[in-house]
Amino acid sequence: MIHSHTESLQPGRNPRLTGLVSTARTALFATLIASLGGCVTSTVQEVRQASTGMTESDSIVILGRRDRPSNDETELDFIDCVSANLGKGGTAVNVINEQAFRDAIFPWFEPRTAPAKTSDLPELMATPVVSQRLQEIGLRYLVWIDGSTVRTDSGGSMTCSVTTAGAGCFGFLTWENDSSYEASIWDLRSGNTVGRVSSDAIGTSYMPAIVVPLPFIARVQNSACTSLAGQLKSFITNG
Amino acid sequence: MKKIHRTKLLRHTVTLLLAVLMAGCMTTSVEVPATQFPVPLMQKLPVRMGLYLPEELRNYEFRQDLGDAGVFEIEIGPAQEAMFTNLLTGMFVKVVPASDPVTFDTLEADAVLVPRIAEMQFSTPQQTRTDYYEVWIRYDMALYDQDGTVLVQWPLTAYGKANTQNYLLASTSPTLTQAALNACRDAMAFFTVQFQTLPGVQQWLQATTPIQPPTNPATVQGGTS
């Protein structure tokens, strides 16, 4: 067996094995690239102000702040990512889709009308049709997420050219992304803020190019999402 | 062989140059979908509200030439019927569509709402140096009694924005559509909170005999989902 393996590493001697060696090299190269993805450092913090807990009939909604005239809205895919992560796994919780919630409770969570603080909740809950709808959908916790991912630094240069002989790039690019999000958790039953969870992640991506550009992408936003969702789930269910 | 290759290269170069030049003359045309307006969740007012949508509102199309950035067209008119029908269905016990302002007196309605778009504006991310498309709509709202007399007139300004980063390759059309849709939703939200605060509306509501809500909500006319 060992002998056979050694033979396979000598392309040209056995044409049938040449393809296999090529495939193995490509797989090894792809694995190497994947393992060399940009590094991400993330930190999560929580502040608890009251005890929490959820029953099977309770649900939660994750909302992005859409206040005006801010130009720093939380990305829709980040909200979707946190919602999806909360709704899966061993301790999955019932998560209501953000748009479905805004439509079900329209117009009370639009940018113009959404409650800015928990002291605005009693007035909203005093409307019978609203409190009835919230009971129907079993909403217990409302989580507001503030923050975004921004590019904080970038450098390097890359030149690409196309000639009759072919195309290619040469150079090196690097950029740094910074994700900073804070979730404020409102308990609709008590009408109070029960705590805050923040997630920060920073990572640098690289793209060297010698003929072919090779991106080593740091998944900063994804890391912040996973950390935040994990901590939120723990905060709500183990409170 | 070499000649054929050069001809091919020349053709590709010309095509590329034309594409770059044509980019400046590009027209971006979007239409606000009429199917995405929720019905407001609120205590219905016990009155019969007529709704008349003028032809110019139903066909309203905003067009602006931004020179090198291209021409932008936003078709907002076709969505207005669904938007106002859903809005009034959520706010009033009965909604009565009116097809002609002359026939207001024959309608079984306590008043007729007539909205018009007075002005529309938008901005691109290039103009504001942000990631957002923004849309502003100024409506002129008028409430008529059955005799065709204006009871109340007021302006309603709505705003919507959408982040290009939320759409694949930061593409223009879906972002601009979402910004216009958000402006329409904002108009609905603003109308619901503003309507009862208008002094003229308050007087009219006090003077109007309230009607009983129908036993089956499905009998309310005009709801569009």
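Filtering B:Val193, B:Val114, B:Val135 for residues that are closer than 30 Å to B:Lys44 by Cα, among the β-branched types (Val, Ile, Thr), within 15 Å of the chain's Cα centre (by Cα) and within 13 Å of another protein chain (Cβ to nearest Cβ) leaves a single hit, B:Val135.
Going by the structure shown, is A:Asp58 in the same structural domain as A:Arg196 (by TED's automatic domain parsing), in contact (Cβ under 8 Å) with a residue 24 or more places away in the chain, more than 21 Å from the chain's Cα centre (by Cα) and more than 21 Å from A:Gln221 (Cα to Cα)? Yes, satisfied.
Within this structure, A:Met125 passes the test of being touching a helix residue (DSSP H, G or I) at 6+ places or on another chain (Cβ under 9 Å) and away from chain B (no Cβ under 11 Å). Evaluated against (1) surrounded by 13 or more Cβ atoms within 10 Å (Cβ to Cβ); (2) outside any strand (DSSP E or B); (3) under 15 Å from the mean Cα position of the chain (by Cα); (4) not acidic (Asp, Glu), B:Ala109 falls short on exactly one condition, (3). A:Ile137 meets each of the listed conditions (1) within 14 Å of another protein chain (Cβ to nearest Cβ); (2) under 25 Å from the mean Cα position of the chain (by Cα); (3) surrounded by 13 or more Cβ atoms within 10 Å (Cβ to Cβ) apart from (2). For segment A:111-122, the candidate set comprises residues that are within 14 Å of chain B (Cβ to nearest Cβ) and out of contact with any helix residue (DSSP H, G or I) (no Cβ under 8 Å at 6 or more places or on another chain); within that set, the residue that is farthest from A:Ala50 (Cα to Cα) is A:Ala114. Scanning segment B:177-194 for residues that are surrounded by fewer than 24 Cβ atoms within 10 Å (Cβ to Cβ), in contact (Cβ under 8 Å) with a residue 60 or more places away in the chain and farther than 20 Å from B:Leu113 by Cα gives B:Thr177, B:Leu181. Inspection of segment B:208-222 identifies at least one residue that is away from chain A (no Cβ under 14 Å), surrounded by 14 or more Cβ atoms within 10 Å (Cβ to Cβ), at pLDDT below 95 and in contact with a helix residue (DSSP H, G or I) (Cβ under 7 Å, 6 or more places away or on another chain). Among the residues of segment B:36-63, write down those that are among the charged types (D, E, K, R) and free of Cβ contacts under 8 Å to residues at least 24 places away in the same chain. Correct list: B:Glu55, B:Arg58, B:Glu61, B:Arg63.
State which residue is farthest from B:Val112 (Cα to Cα) when the search covers only segment B:32-51 and only residues that are among the hydrophobic types (A, V, I, L, M, F, W, C) and more than 7 Å from chain A (Cβ to nearest Cβ). Break it down into steps so the answer makes sense when it comes.
The first filter runs over segment B:32-51 and keeps only residues among the hydrophobic types (A, V, I, L, M, F, W, C), leaving B:32, B:34, B:37, B:39, B:41-42, B:45, B:47, B:49, B:51.
From what is left, the residues that are more than 7 Å from chain A (Cβ to nearest Cβ) are B:32, B:34, B:37, B:39, B:45, B:47, B:49, B:51.
Details: B:Val32: 25, B:Ala34: 22, B:Phe37: 21, B:Val39: 19, B:Leu45: 14, B:Val47: 11, B:Met49: 6, B:Leu51: 5 Å.
So, considering only residues that are among the hydrophobic types (A, V, I, L, M, F, W, C) and more than 7 Å from chain A (Cβ to nearest Cβ), the one farthest from B:Val112 (Cα to Cα) is B:Val32.
The values are calculated or read from the model by the stated rules, or taken from the named source; none is laboratory data. Fair warning: this is a prediction, and the values are worked out from it, not measured in the lab. Please note: Cβ atoms are built from the backbone with ideal geometry, for glycine as well, and neighbour counts cover all protein chains shown.
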